[in-house]
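As structure tokens, the structure follows; a few thoughts come after it.
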Amino acid sequence: MSEFEAVIGLEIHVQLSTRTKMFCGCEPSFGDEPNTHTCPVCLGHPGSLPTTNEQAIRYALMIAAALECEVPPRSIFHRKQYFYPDQAKNYQISQYDEPLAVNGRLGDVRIERAHLEEDTAKMIHVGESGRIHGSGASLVDFNRAGTPLVEIVTEPDLRSAQQVRDWAQLLRTTIRQLGVSDVNMEEGSLRVDANVSIRPAGSDRLGTKTELKNMNSFRFLERGIEAELERQRGLVEGGERVVQDTLHFHPEDGSLTPLRSKEYAHDYRYFPEPDLVPVVPTEEMLRGARESLPELPAHRRERYLNEIGLNEEAATMLAFQSEYGEYFERAVAAGDGTPAKSIANWVTGELVATLRQAGAEEDPLASKATPEAVAALAGLVEAKTISHGAGKQVLTRLVEEGGDPAEIVEREGLAQISDTSELEKIVDRAIEAETEAAEQVRQGNEKAIGRLVGAVMKETKGRADGGAVTRLIKERL
Amino acid sequence: MIRGMIEREQVEHVARLARLKLAEEELERMAGELSGILEHVDRISELDLDGVEPTSHVIALENVLRPDEPRPSWSREEMLERAPDPASGSFRVPSPQA
Amino acid sequence: MSEELLDLTVAQASERIRSGELAADEYFDAYREAAAGDSLNALLWRADDVGQADLEGTRASRDEVDAERPLAGIPVAVKDIFCTEGVPTTAGSRILEGYRPPYTSTAVRRLRQAGARVLGKANMDEFAMGSSNENSGYGPALNPWDSGRVPGGSSGGSAAAVAGRLAPCAIGTDTGGSIRQPAALCGIVGMKPTYGAVSRYGMIAFASSLDQCGPLARNVTDAALLLRAMEGRDPCDSTSTGIEGGIGLPSREDLEGLSFGVPKELASEAEGIETGVREVFERTVARIEELGGEVAETELPHAPHGISAYYVLAPAEASANLARFDGVRYGLRVDAEELTEMYEETRAKGFGPEVKRRIMLGTYALSSGYYEAYYGRAQRVRTKIAEDFSKAFERFDFVVTPTSPTVAFKLGERTDDPLAMYLSDYCTVPMPLAGIPAISIPAGTAQPEGGGTELPVGFQIAGPAFSDAAMLDTAHALERAIGFSRNGGPN
Ligand SMILES: [Mg+2]
Ligand SMILES: [Zn+2]
């Protein structure tokens, strides 16, 4: 059987953190008492009319700029019609064939479009408590209804579940840095649906796709897609066909179930929203969006690679994991001339490891080891005030109890032994004690030198400079 | 492409889309009436409209935007008192077919 | 005494109220009594007292009647399509029976701020869909000239109330002729302003890109007074603009220097125009010349396709606008075990036959595979109609046509033939498609086809977008010269 290739495109909804809803002056709310944030507009009362939130347009333009989209001179809203109780008007005001932004890119994934629309209300099924005996009922809460959303649609450029997860995280980091959304998957301010299909590797035709919904964490996103790819491979290998469907992911057991195909195929009957006028982004708006962009992950990674000279892995980590990125940037700012590369090594290497040991690697900024302290630590090592080994001990202290590295060095007597005669004595003692290793070194076995260095380090509790110790051993043997 | 006649099945489909329950005799009558109206409407198919821009808005306006300043919402009681079936501070509806 | 009060124009009454010669409440009571005796089914709701008429917020009771307010103490009949906080608002539909909106429309709010009082809510065709008022869910309003005939529609209750002296003035909405046609059939003035002149906020939507609020009054000056109070940009309606320069009081007495085009498609070549209507129209055109106006034939080649475009665009928009009436948040609900069934039963029971017909038509026109053939083409026809007008206005200041092809027709006469009913709007539909203002003034009376008592005939003047003030001024001069009187009409 030939190999299959996954073809995945994403539809992402990002809830904007504006102060008011997309088309009315109500404050969006999450977690308040139901239906305490409504008005005639967001409840679709007769005669009410939508008015467009300017900030939502500006935020959406920032997202468009961050995704390197083209912004057409004019965009309009449409009505997307379907009956459902979570829509007060039974149509959603959305954008259709003239969206705000098109043809963008983030990392190696192309963006087809990004458009503005309004969120739906929340519905809770309450079981057999309807007015008619024995029938099911749902309760509708319109607090969320009308919250501004930016819908981002990618081209089908993703090839694995892992890649989807990584890319979605990059997207989240990118948007979080803009400050226009909480982009939290668990809370629903970031929702990622996936269109998944497979095809024989190397083929360029598209297979039948299924749409995956309700994967409300990065882990579930990866698991859901993995499970669906597995299912599709199984079907095709068993000689069956993939049927176009929408599948609902169940986080409890990782299963996927088809949403009962709707009685009637969707026919949204889109037409231009007559209550709103076209949006024509002005030069000022476009400039504002561009200028408000912080350094975005993709650019940051380039800079780390080319200007600081970090390796691929460190650059990617610091650029794409915004907490570590911010930690690093703050440390560099406080570093007072300490090379950024050496700070980066401490952050991506020892700090990550130490935090992991302490079970706190998720958010370095929340740890007791401040970026300023880690920068100072890197400086001490760089100036050879302490050895690298001693630095690791200092870092452990910092993570445990915080504080100032210089003080810790002082208190714990970790300063490097700079007195050569003292070091020479310790080296001599080590050569005497480790006769076997010393003999091997004399016979040209360079590797055996490690044992001798180790002995010196043990003796000095890491306060010796490894390079100096090696040089001294070589001189003597 | 324009056809004046509308079949009964189409009427049924459209009624479903529009969430209108039509009785048997209404379906029949509706098919006839809609066909009659569409036959008149179909006269516009004779016009040469190539290159003519569609008009959605008669008055040329753009960028009519509202500042992002919250104003108080309506009281829940006031809104729910108009609801046919309020329950638990919410609007209750029969469940969609499971 | 009270008979005399009912004879006053709005301009006269407000003048007397401001000068202290007339007590606002006395004037209001005279109309309240008249309205209580409504035998035309013109009003669906009446204010019991001044307190009810003065809606929330902008209360203007006796001692507060502010001399500076231009409409101080003037009772207004408000088409039941305008939301009035706490006061029943049904849009003539059973689906909104008992509904009391939580807010007030901008148009009514502005009238209130100008000192006017809401006397009652006027009957109308359900959701403004109709040309006879027979599509009201609450029974038809009747024509005060002949109660066996329709008052026109959809603002039939507004027109009947003003012509029948149940109210000194009224407001209505016009989508394809819904102010001008009933005004013509009832022998009063009715105006559809430029699209965007008056806010649509709180006006229950029929076809949003066409709907416009306007006045119905006994004369042009009164209409201008109402429009002056209502027009203006409203932050709650993105499509509202108001009228630059506002609306002054009409004062013109001649038509010197003005040119009038008579589009042959809507006049000489139009089919279905009754002989009597044609005669009144021609007499009025002659009168324009007597007043110094220049008249010549012109053309609006695409105007005959107005009805076709209109009966695609308006139902399409309506099908979406009326989707919100679903039994969930307000209004009628028919209980059912399952959601779709609840929707379908509620809407089947709540909407009348014409509304269902238009929802079906609009849903069909927008449905997959038909959009371009119907909606897309209709939008392009709309462009052509607007271009035709622009061209005519390069040459002429105004365009004039009969308002309605016929005088008021008999109740039931067209109810079985939707298309015949739709053609009542033949002369009034092109203007809203182009967004331009148009006014109908009573120009005389004529016998219906087949004979009978003479009934009023309307004369329509249309102008370029935002020419509302000039149009009123022109209509005022013509109105003076015509000297239409209600003799032989309603007492
Ligand atoms: Mg969407
Ligand atoms: Zn709201």
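Within segment C:39-70, take every residue that is at pLDDT 95 or above and aliphatic (A, V, I, L, M) and give me the one that is farthest from C:Ala217 (Cα to Cα). Among those that are at pLDDT 95 or above and aliphatic (A, V, I, L, M), it is C:Leu44. Restricting segment A:70-82 to residues that are open to solvent by 20 Å² or more (accessible area, probe 1.4 Å) and of a type outside the set (Val, Ile, Thr) leaves a set whose member that is nearest to the other protein chains (Cβ to nearest Cβ) is A:Arg74.
Of note, C:Ser319 satisfies the criterion of being within 29 Å of C:Pro151 (Cβ to Cβ), at the interface with chain B (Cβ under 7 Å from one of its Cβ atoms) and either in a strand (DSSP E or B) or of a type in the set (S, T, N, Q) (or both). Summed over segment C:397-441, residues that are at pLDDT 95 or above and more than 14 Å from every other protein chain (Cβ to nearest Cβ) total 21. Flag set for A:Glu33, criterion: closer than 27 Å to A:Asn184 by Cβ, more than 16 Å from ligand 1 (Cβ to nearest atom) and within 11 Å of chain B (Cβ to nearest Cβ). Within segment C:141-198, being touching a strand residue (DSSP E or B) at 6+ places or on another chain (Cβ under 6 Å) and of a type in the set (D, E, K, R) holds for C:Arg149, C:Asp174, C:Arg180, C:Lys192.
In the set (1) surrounded by 14 or more Cβ atoms within 10 Å (Cβ to Cβ); (2) basic (Lys, Arg); (3) closer than 30 Å to A:Tyr82 by Cα, A:Arg241 fails one condition alone, (1).
Looking at segment C:122-136, can you tell me whether even one residue there is acidic (Asp, Glu) and modelled with pLDDT under 95? Within segment C:122-136 (the criterion being acidic (Asp, Glu) and modelled with pLDDT under 95), the answer is no, since none of the residues qualifies.
Return yes when B:Arg16 is assigned to a helix (DSSP H, G or I), open to solvent by 30 Å² or more (accessible area, probe 1.4 Å), at the interface with another protein chain (Cβ under 7 Å from one of its Cβ atoms) and under 23 Å from C:Gln379 (Cα atoms) and no when it is not. Against the criterion (assigned to a helix (DSSP H, G or I), open to solvent by 30 Å² or more (accessible area, probe 1.4 Å), at the interface with another protein chain (Cβ under 7 Å from one of its Cβ atoms) and under 23 Å from C:Gln379 (Cα atoms)), B:Arg16 does not qualify. Contact map, segment A:84-101: residues that are within 8 Å of chain C (Cβ to nearest Cβ) and among the basic types (Lys, Arg) paired with residues that are in a loop (DSSP other than H, G, I, E, B) and within 16 Å of ligand 2 (Cβ to nearest atom), Cβ distance under 6 Å, separation 6+ or inter-chain. Pairs shown: A:Lys89/A:Gly44.
How many residues are more than 14 Å from A:Arg397 (Cα to Cα) and either touching a Phe, Trp or Tyr at 6+ places or on another chain (Cβ under 9 Å) or part of a loop (DSSP other than H, G, I, E, B) (or both) if we restrict to segment A:331-367? So the answer is 19. I want to confirm something. Restricting to segment A:2-48 and keeping residues that are surrounded by fewer than 20 Cβ atoms within 10 Å (Cβ to Cβ) and small (Gly, Ala, Ser), which single residue is farthest from A:Gly179 (Cα to Cα)? Per the criteria, the residue is A:Ser2.
Of all residues in segment A:139-157, those satisfying the criterion of being out of contact with any helix residue (DSSP H, G or I) (no Cβ under 6 Å at 6 or more places or on another chain) and either within 16 Å of ligand 2 (Cβ to nearest atom) or at pLDDT below 95 (or both) are A:Val140, A:Asp141, A:Phe142, A:Asn143, A:Arg144, A:Ala145, A:Gly146, A:Thr147, A:Leu149.
So that you can scan it fast, the table gives a plain yes or no per residue for (1) part of a strand (DSSP E or B); (2) of a type in the set (Phe, Trp, Tyr); (3) within 16 Å of ligand 1 (Cβ to nearest atom):
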site	(1), (2), (3)
A:Asp86	no, no, yes
A:Glu98	no, no, yes
A:Glu112	yes, no, yes
A:Glu117	yes, no, yes
A:Met123	yes, no, no
A:Gly127	no, no, no
A:Val140	yes, no, no
A:Leu149	yes, no, yes
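Consider B:Pro54 carefully, then state whether it is open to solvent by less than 30 Å² (accessible area, probe 1.4 Å) and either within 7 Å of chain C (Cβ to nearest Cβ) or out of contact with any helix residue (DSSP H, G or I) (no Cβ under 9 Å at 6 or more places or on another chain) (or both). Against the criterion (open to solvent by less than 30 Å² (accessible area, probe 1.4 Å) and either within 7 Å of chain C (Cβ to nearest Cβ) or out of contact with any helix residue (DSSP H, G or I) (no Cβ under 9 Å at 6 or more places or on another chain) (or both)), B:Pro54 does not qualify. For segment B:29-36, does any single residue satisfy the condition of being open to solvent by less than 20 Å² (accessible area, probe 1.4 Å), part of a helix (DSSP H, G or I) and not aliphatic (A, V, I, L, M)? Checking segment B:29-36: at least one residue is open to solvent by less than 20 Å² (accessible area, probe 1.4 Å), part of a helix (DSSP H, G or I) and not aliphatic (A, V, I, L, M). Given A:Val140, A:Val150, which one is closer than 30 Å to A:Glu226 by Cβ and surrounded by 24 or more Cβ atoms within 10 Å (Cβ to Cβ)? Going through A:Val140, A:Val150 in turn, the sole match is A:Val150. The set of residues from segment C:84-121 being within 16 Å of C:Phe325 (Cα to Cα) and surrounded by 23 or more Cβ atoms within 10 Å (Cβ to Cβ) comprises C:Thr89, C:Thr90, C:Ala91, C:Gly92, C:Ser93, C:Ile95, C:Leu96, C:Pro101. Looking at segment C:369-382, can you tell me whether even one residue there is more than 9 Å from chain B (Cβ to nearest Cβ), open to solvent by 10 Å² or more (accessible area, probe 1.4 Å) and over 22 Å from B:Leu27 (Cα atoms)? Checked against the condition, which is being more than 9 Å from chain B (Cβ to nearest Cβ), open to solvent by 10 Å² or more (accessible area, probe 1.4 Å) and over 22 Å from B:Leu27 (Cα atoms), segment C:369-382 yields at least one hit. Entry remark, segment C:209-239: residues being closer than 20 Å to C:Arg109 by Cα and touching a residue at least 60 places away in the same chain (Cβ under 8 Å) number 19 in total. Among the criteria (1) among the β-branched types (Val, Ile, Thr); (2) more than 12 Å from ligand 2 (Cβ to nearest atom); (3) farther than 24 Å from A:Pro281 by Cβ, the one A:Ile63 does not fulfil is (3). Selection of segment A:51-69 for residues being open to solvent by less than 10 Å² (accessible area, probe 1.4 Å) and either more than 10 Å from chain B (Cβ to nearest Cβ) or under 29 Å from B:Ala87 (Cβ atoms) (or both) yields A:Ala60, A:Leu61, A:Ile63, A:Ala64, A:Ala66, A:Leu67. The residue that is nearest to A:Ile63 (Cα to Cα), among those in segment A:4-23 that are within 16 Å of ligand 1 (Cβ to nearest atom) and assigned to a strand (DSSP E or B), is A:Val14. Just to verify a result, which residue in segment B:58-85, among those that are in contact with a Pro (Cβ under 7 Å, 6 or more places away or on another chain) and not charged (D, E, K, R), is farthest from ligand 1 (Cβ to nearest atom)? Here the answer is B:Leu80. Considering each residue of segment A:267-288 in turn, at least one proves to be closer than 30 Å to C:Thr239 by Cβ, within 29 Å of the chain's Cα centre (by Cα) and open to solvent by 90 Å² or more (accessible area, probe 1.4 Å).
If a residue has to be touching a residue at least 24 places away in the same chain (Cβ under 8 Å), out of contact with any helix residue (DSSP H, G or I) (no Cβ under 6 Å at 6 or more places or on another chain) and not in a strand (DSSP E or B) to count, how many in segment C:437-451 make the cut? Total meeting the criteria: 2. In segment C:449-460, the qualifying residues are those that are open to solvent by less than 10 Å² (accessible area, probe 1.4 Å) and not polar (S, T, N, Q), and the one that is farthest from C:Gly196 (Cα to Cα) is C:Leu455.
The values are calculated or read from the model by the stated rules, or taken from the named source; none is laboratory data. Given the structure is predicted, the values throughout are model-derived calculations rather than measurements. Please note: Cβ atoms are built from the backbone with ideal geometry, for glycine as well, and neighbour counts cover all protein chains shown. The protein model used for the area step is the full one, side chains on, heavy atoms only, and it has no ligands, DNA or RNA in it. Shrake-Rupley method; radii C 1.70, N 1.55, O 1.52, S 1.80 Å.
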